[in-house]
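What follows is a single structure, written as structure tokens, with notes after it.
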Amino acid sequence: MADLQKKDLLELYRWMLLSRITEERMTEYHKHSPLPELPHSGIGQEAISAGTVYGLRPDDLILPSLRTRGAFIFKGIPQRMMMAGAFAKVTGAARGKNTSHHMGYRPAGVIAGSGVVAAHLPVGVGVALAARLQKKDYIAVAYFGDGASNRGDVHESMNMAAVMKLGLVFICENNLYSISTPASKHSGIVDLARRADGYGMPGVVVDGNDVLAVYDAAMQAYARARAGEGPTFIECKTYRWLGHSERDPRDLRPKEEIEAWKRKCPVKRFREYLLAGGHADEADLDAIRAGVTADVDDAVKFAEESPFPPGGEAVLHVYGEGRADQ
Ligand SMILES: Cc1ncc(C[n+]2csc(CCOP(=O)(O)OP(=O)(O)O)c2C)c(N)n1
Ligand SMILES: [Mg+2]
């Protein structure tokens with residue numbers, strides 16, 4: 001983390017809080033007034049999105065998973081647009097056709113995902129190949145979970161990316177569960193990064209709740225990818241605090257396990273690091289929280305007040321501009 005200055009550290013803290021408060025607000029809102037988007041919260045996993053997006057360039061592209069809410073915002077999807085997506089309003093990134101769950105927004109370098117787990121990984125290979133063909137050095141970063149890591153799409157993508165030495169970085173968010181199936185029941189190894197060896201790329205295990213460790217690992221992988229040396233598999237060990245979605249009865253994971261992981265909160269941990277290292281005082285960090293809370297309030301108000309799309313919108317932007325009129 002040699003290249004991070006105080007302003008970077010505070011920005012990373014702001015990002016993590018923005019992700020945390022956005023998701024808290026969405027899940028809370030959903031309890032009283034169900035959103036079109038069923039929240040699938042990544043609360044507890046904020047350090048991964050923050051640490052991996054921070055070192056990216058604007059022209060780099062990301063392919064988020066269903067859980068990578070923070071990455072959408074950090075890469076540049078405006079907070080209002082993201083929230084409007086959750087409300088299925090016309091002001092959302094997909095103009096109401098898709099919620100923010102799998103949203104994409106090309107101007108920010110976010111490639112839209114799909115409801116099919118891991119189906120975005122082969123797309124990531126295509127994106128990285130496009131950079132090669134265009135003789136450009138932008139890179140692609142694809143996120144997926146521990147459960148997704150068992151799908152063929154991930155393995156085929158790892159193989160192609162490694163053989164062709166493409167600039168694609170694999171970020172595995174190992175939160176130890178695939179819905180309610182523990183990792184020990186869906187994978188024969190504990191450290192999923194070991195799979196990288198079978199494809200001829202570096203596999204790195206990091207503490208996914210330590211934003212600076214994630215940042216360091218990501219920066220090494222990005223330098224390698226940009227230099228044409230090929231992909232890296234980074235496994236970030238973490239845990240999601242809430243259920244798979246807000247429809248999950250949340251009674252299948254041991255309560256003590258959840259509590260133990262809450263004590264490893266990535267946001268609290270980074271706050272303590274900033275205070276202990278003299279990078280900020282309580283007042284600085286409280287001011288950041290107040291600013292983030294105001295931004296989230298503004299985004300919710302914007303989403304509430306935005307209109308739903310008109311009916312004709314359903315056939316627009318499906319095949320291409322103007323086709324709906326033909
Ligand atoms: C091909 C496919 N199989 C199953 C599902 C249903 N499904 C949606 S999310 C999910 C679990 C994904 O777990 P993981 O990859 O660990 O990601 P996490 O939710 O923990 O972030 C499943 C099984 C799906 N959407 N697509
Ligand atoms: Mg998982």
Exercise. Before we move on, is Gly104 of a type in the set (Gly, Ala, Ser) and in contact (Cβ under 8 Å) with a residue 24 or more places away in the chain?
Worked result: no
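I'd like the residue in region 113-144 that is in a loop (DSSP other than H, G, I, E, B) and among the β-branched types (Val, Ile, Thr) and, out of all such residues, is nearest to the chain's Cα centre (by Cα).
As a first pass, look at region 113-144 and keep what is in a loop (DSSP other than H, G, I, E, B): 113-119, 134-139.
In the following step, the residues that additionally are among the β-branched types (Val, Ile, Thr) were identified as 116-117, 139.
Working: Val116: 16, Val117: 14, Ile139: 16 Å.
Of everything passing the filter in region 113-144, Val117 is nearest to the chain's Cα centre (by Cα).
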Seminar exercise, completed: Taking first residues from region 169-198 that are within 23 Å of Arg250 (Cα to Cα) and charged (D, E, K, R) and second residues anywhere that are part of a strand (DSSP E or B) and within 15 Å of ligand 1 (Cβ to nearest atom), the pairs with Cβ under 8 Å that are 6 or more apart or on different chains are Glu173/Tyr143; Glu173/Phe144; Glu173/Gly145; Glu173/Cys236
Problem set entry | Qualifying residue in region 167-184 (condition: farther than 18 Å from Ile48 by Cβ, over 20 Å from the mean Cα position of the chain (by Cα), more than 15 Å from ligand 1 (Cβ to nearest atom) and not small (Gly, Ala, Ser)) | no
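Out of His40, His102, which single residue is closer than 29 Å to Val315 by Cβ, within 16 Å of ligand 2 (Cβ to nearest atom) and not hydroxyl-bearing (Ser, Thr, Tyr)? Don't jump to the end; show me each part of the working.
Values: His102 fails: within 16 Å of ligand 2 (Cβ to nearest atom).
Matching residue, one of His40, His102: His40.
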Seminar exercise, completed: Within region 161-205, of all residues that are in a helix (DSSP H, G or I) and under 14 Å from Ala225 (Cα atoms), the one farthest from ligand 2 (Cβ to nearest atom) is Val163
For this session: Go through (1) under 19 Å from Val300 (Cα atoms); (2) in contact with a Pro (Cβ under 8 Å, 6 or more places away or on another chain) one by one and return the number of the condition Gln45 breaks.
Result: (1)
Seminar exercise, completed: Among the residues of region 206-244, the number that are in a loop (DSSP other than H, G, I, E, B), over 16 Å from the mean Cα position of the chain (by Cα) and surrounded by 20 or more Cβ atoms within 10 Å (Cβ to Cβ) is 3
Exercise. With (1) at negative phi; (2) surrounded by 12 or more Cβ atoms within 10 Å (Cβ to Cβ); (3) part of a loop (DSSP other than H, G, I, E, B) as the list, and Arg250 as the residue in question, which single condition is left unmet?
Worked result: (1)
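Computed from the coordinates by the stated procedures, all read-outs in this text should not be read as laboratory data. Bear in mind the structure is a predicted one, so any value in this text is a computation, not a measurement. Please note: Cβ atoms are built from the backbone with ideal geometry, for glycine as well, and neighbour counts cover all protein chains shown.
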